[in-house]
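The values are calculated or read from the model by the stated rules, or taken from the named source; none is laboratory data. Here the structure is a predicted model, which means the values were calculated and not measured. Ideal geometry is used to build each Cβ from the backbone, glycine not excepted, and the neighbour counts take in all protein chains shown. All accessible areas refer to the heavy atoms of the entire protein, side chains included, with ligands and DNA or RNA removed. Shrake-Rupley method; radii C 1.70, N 1.55, O 1.52, S 1.80 Å.
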Amino acid sequence: MANIKSQKKRNIQNEKRHQRNVATKSALKTSTKRVQTAAASGDAEAVTTAQREAARALDKAASRGILHKKTAARRKSRLAKTANAASA
C-alpha cells in the first residue's frame, strides 16, 4: 500500500475506472450475444434492432477510450455481417 497521499488517491481512481471499464465490456458482450441469438432465431426485425443498439454501444465505448477505435469498427463490421446474413 502506498504511503503518499496522492498515490493513494490515484489507486482509488484507477480502481473506480477499472470497475467502470469491466462493467462496460460486460455490457458489450451481452449486446453482442443478443445480436447472435436473434440471428439464430431468425427474427429479422429483432436482429436489426439488436445490431443497431450494439453498434451504438461499441461507438460509445470507443469514444470513451474503453475500446480502441479500430476494435470497435471490427466488431461492428462482424455484427453487421451477421445481421445481413440473418436478414437475407
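Of all residues being of a type in the set (Gly, Ala, Ser) and in contact (Cβ under 8 Å) with a residue 40 or more places away in the chain in region 64-88, which is least open to solvent (accessible area, probe 1.4 Å)? Just the residue, please.
It comes out as Ala83.
Filter region 35-63 down to residues that are under 12 Å from the mean Cα position of the chain (by Cα) and either among the small types (Gly, Ala, Ser) or open to solvent by 60 Å² or more (accessible area, probe 1.4 Å) (or both), then give me how many there are.
10
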